[in-house]
Structure formats: structure tokens, C-alpha cells
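Since the structure comes first, as C-alpha cells, the remarks are kept for the end.
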Ligand code: AHR
């Protein structure tokens, strides 16, 4: 047992209200995310629309509030008009971002229908790579204008008399990246983004728009990109995006589990840049953050490099996640919650088959990957306001992050439901961590349940044959006595301790 870690649970330690869209996700036309993932006509669990109900059941279990679509890198070469109208007339296209063939059997209308069935909101990205302002404004007209114009009437003719009411839109994707179709400099992108934003809002003033930030914190243009893009777009957008993926290719688990500190620094820097531009412009408006791609991604890289190009929906980016990946995903969720005042949307990238919490076998079952569990538990229990718990614990040395605390933690409080949840990761690979909490500021609150997920084998995975090898187990020693919480967090574990007012 190591030195006890300390937390404080108090209502006045509020970080901010948690926007439910913090638990968003992402479906790209990539690999088997759409075809063989959410959409598989003929599958035993698919309806007439081709939507797999077993996949929808798992998505509802997570309670995903918003899903970004259709990309990703894909969107920068996408002609959205290819994906509407009679399916037999839709073109097959060379898809250059992922070197496949796109059959366009699934497009905007199918995605909106699927969202309604999955009880989630759409977040659409427009193509600012190979296309631009015109295609974007027409797509907004197609989706959101009631009728009586060319594009809105086409939607009606395509079987959707009511507008889709898509509120959140991304102005392109990763436009700072040389890999992007139509990659631009910050000034070039800033100009295109502001002009596109302007006319999209002329079509529908209720839109919420996301400008592209950096593809990760290591990009050479990071920080100056955000400052320049916001200089152009500040008055016309509500959010700037952040993306990041981490991996453990060198098998350095202590360093890997500390990567959430990089995410934390990334968020703090982007908040500072937003506020710098706000000050420069003497603006009253605050631009918030949309962390609309984040995850672990590295397991599938070699397989993807070996893939034969120009297939339809081949397996791509099919990372099989381990116990340790789930720990980092848990720490990243905690990091997002610790910035709930400014990170208002986030999308775990992605949702099904492609670097995803949910896997399917084409023609077979669907199951939960290891990372499903911290994601589902934070989404289900982490609503209300986020509380800074002032976590204090012993630290370990790391050459990249210096002193890394063993404990990563945050709490959420749902005042109306009188419930409080502590989320915690113990990064100590060898020893369990005793936890002591001061919760005197929540009189009458008691532990109602405790969940913990750990496995002696940090490389343990969930597979079609063993779908529940890594899953949270209910139980533990957490208890509150005289306003003091005491619990034990097992070595290398993800933990959820739920308290509620019982008297
Ligand atoms: O999510 C996979 C890819 O990662 C996306 O297409 C792209 O935006 C990012 O580089």
C-alpha cells in the first residue's frame, strides 16, 4: 500500500456546468464504421433501414448525446450531393483520404435518420478542402431550410418533409495537416472559414460553428494556428476544435498513462489563446472548446499500412483495446471534466469498429471494447457540475512529464438528484492506493455503489469470444463515516464511487 491520496468533495469547488455534449462521439466514412458498423442491410439485427439495432442498443447504453459525421479526413474530399437521393443512382467514388472506394449507400439523410433512432444529435462537418462556401451553404439549406427552395425541396422530395434542424457544424477538418485534402495555411483557412461561417449563418442564424484548431499539440504551427484562425473567425464561431491521439508503441506504460497531462496542457493553452484573441478584440464573447477527436490510436497502424487499396469498407483503424488503454481513456475523460468550464463538446473518436468502444463482426455480434466502460460510466454518471477535488497523491518520475501523480480524479454533482460521483484512476502499476476524502460539505451523503475495473494483465482485451474479460466489477470498501470518505483503489485501476444523500 502506498501513501494515502487525498481528495476534497465540496459544492463550492465547482469548475462549471457539464455540457452533456462532452460525451459525444464520431462516425466517419472510414473502414467498417458505417458499412458493417452502424449500417448493415441484411444483418439479423438490422431493420428495413439497414441500421443495426444491436449497435444502437450499445450506443444507448453509453447515452451518446452528439455524433460527428461524415469525417474526419474523409470530409475534405466529400461531395455531399453524392450521398442523397435514390441509392441506385448514387456514384461510386475514389476516396483519396483513406484509399478506398466509397459506394455512397449511406449519406446525410440516412445519418440523420440513424441519429433519431440512436437518440443522439448530429454534428455535421462541411468540406473546406476540395469544396468550399457554396457546397456548405447548400448543405445547410438542404438540411435546415423548411422548403420552397431548390435544396430544401430536394430534401423534401427525398422523403424528409421536415427540416433536419442540425445545430452544430464543423468548418472543415484538420486543415492544418499536410495530409489533409486541400491543406491550407492558417491565414488561408481563416479567410475561407469566416466567409463560410458568415453565409451558413445567413441561411440559418441558429447554427453553432466550430473552427478547426490544431490536429495535435505537436504540430509545428500549434498556437500560432489558433491565434491566426481566431483572429479571422472570432466573431463568427462558437468553438475551436482540438484533436489528439496517444499510443504506447514503446511499451512504456507509466509514460503512456501520463499522456492525459499532455491533453490537460493542450486544453489550457487553447483556452489561453481564445482569451488572448478575446482581449485583443475587446470582445464580450467567449469562444469555447470542442475536443472533437480524442482517443488511444496506435495498435492498428501496421495492419493499415499493409492494406490493399481501393476496396469497399475494408477493416481499417481496428484497434483492439487493452486494459491499460482503458486507464488512459479514463484519465482523459477526467481531464475533460476538469475543464468542463471551457470544453463544452468532445467526441471520442470514433464510435464503432474504427478506433472505437464498440466492435462488430460483419454478419455477427457486437461487443464492448475495454474503453467502452470508462466512457459509458462517465457519460451515465458524470452529469451536472464538475467539482475540482484538489487531488493530492505521491508522484513518480517521468522524463516527459516530470512528476506524475498516481491519482487522477474529478467529481461530478447532480444537485437535483442529490448524487455525487467520484471518478478516479490509480496509475500505480504495483500497489493499491488508499484514498481519503473530506466530504463534510455534503452532509447526509453515503456511498451507494462502487465500481472498479482492473486486470492483472494490462494487455488483456475483450474479443468476440471473450467480450467481458475486462469490465468494471461492482463492490469495494468505500464508505463515509463522520464526513470522511475512505476507499481503496486497486493497482492500475479505473474507479467510480457514487454517493447520494440518504438522510
Ligand atoms: O479519426 C481518424 C482520423 O484522425 C480522422 O479522419 C482525422 O481527422 C484524424 O487525423
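The values are calculated or read from the model by the stated rules, or taken from the named source; none is laboratory data. None of the values given here were measured: they were computed from a predicted structure. Here the Cβ positions follow ideal geometry from the backbone for every residue, glycine too, while neighbour counts run over all protein chains shown.
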* To do: State whether the residues of region 184-193 include one that is in a helix (DSSP H, G or I) and under 27 Å from residue 301 (Cα atoms).
  => no
* Given the structure, is residue 251 assigned by TED's automatic domain parsing to the domain that holds residue 165 and either without any contact (Cβ under 8 Å) to a residue 24 or more places away in the chain or buried (at least 18 other Cβ atoms within 10 Å of the Cβ) (or both)? -> yes
* Boolean, residue 77 is in the same structural domain as residue 126 (by TED's automatic domain parsing), away from the ligand (no atom under 16 Å from the Cβ) and over 21 Å from the mean Cα position of the chain (by Cα) -> no
* Of all the residues that make up region 267-317, how many are within 16 Å of the ligand (Cβ to nearest atom), under 22 Å from the mean Cα position of the chain (by Cα) and not in a helix (DSSP H, G or I)? -> 14
* Asked: Which members of region 318-347 meet the condition of being in contact with a helix residue (DSSP H, G or I) (Cβ under 6 Å, 6 or more places away or on another chain) and within 16 Å of the ligand (Cβ to nearest atom)?
  -> 329, 332, 345, 346
* To do: Give the residue, chosen from 99, 93, 131, 137, that is more than 16 Å from the ligand (Cβ to nearest atom) and farther than 20 Å from residue 196 by Cβ.
  => 93
* To do: Would you check if residue 455 is outside any strand (DSSP E or B) and either closer than 21 Å to residue 8 by Cα or touching a helix residue (DSSP H, G or I) at 6+ places or on another chain (Cβ under 6 Å) (or both)?
  => yes
* All positions within region 362-406 that are within 19 Å of residue 467 (Cβ to Cβ) and either in a strand (DSSP E or B) or free of Cβ contacts under 8 Å to residues at least 12 places away in the same chain (or both) -> 366, 367, 368
* To do: With the condition kept exactly as written, say whether any residue in region 22-45 is touching a strand residue (DSSP E or B) at 6+ places or on another chain (Cβ under 7 Å), surrounded by fewer than 20 Cβ atoms within 10 Å (Cβ to Cβ) and either outside any loop (DSSP other than H, G, I, E, B) or not assigned by TED's automatic domain parsing to the domain that holds residue 174 (or both).
  => no
* Identify, by number, the condition in (1) more than 27 Å from the chain's Cα centre (by Cα); (2) closer than 22 Å to residue 491 by Cα; (3) assigned to a loop (DSSP other than H, G, I, E, B) that residue 429 doesn't meet. => (1)
* **Hey, residue 244 buried (at least 20 other Cβ atoms within 10 Å of the Cβ), closer than 27 Å to residue 119 by Cα and in contact with a strand residue (DSSP E or B) (Cβ under 6 Å, 6 or more places away or on another chain) or not** => yes
* Looking at 179, 169, which one is within 16 Å of the ligand (Cβ to nearest atom), surrounded by fewer than 22 Cβ atoms within 10 Å (Cβ to Cβ) and in the same structural domain as residue 36 (by TED's automatic domain parsing)? -> 179
* Which ones in region 1-30 are within 16 Å of the ligand (Cβ to nearest atom) and in contact with a helix residue (DSSP H, G or I) (Cβ under 9 Å, 6 or more places away or on another chain)? -> 25, 27, 28, 29, 30
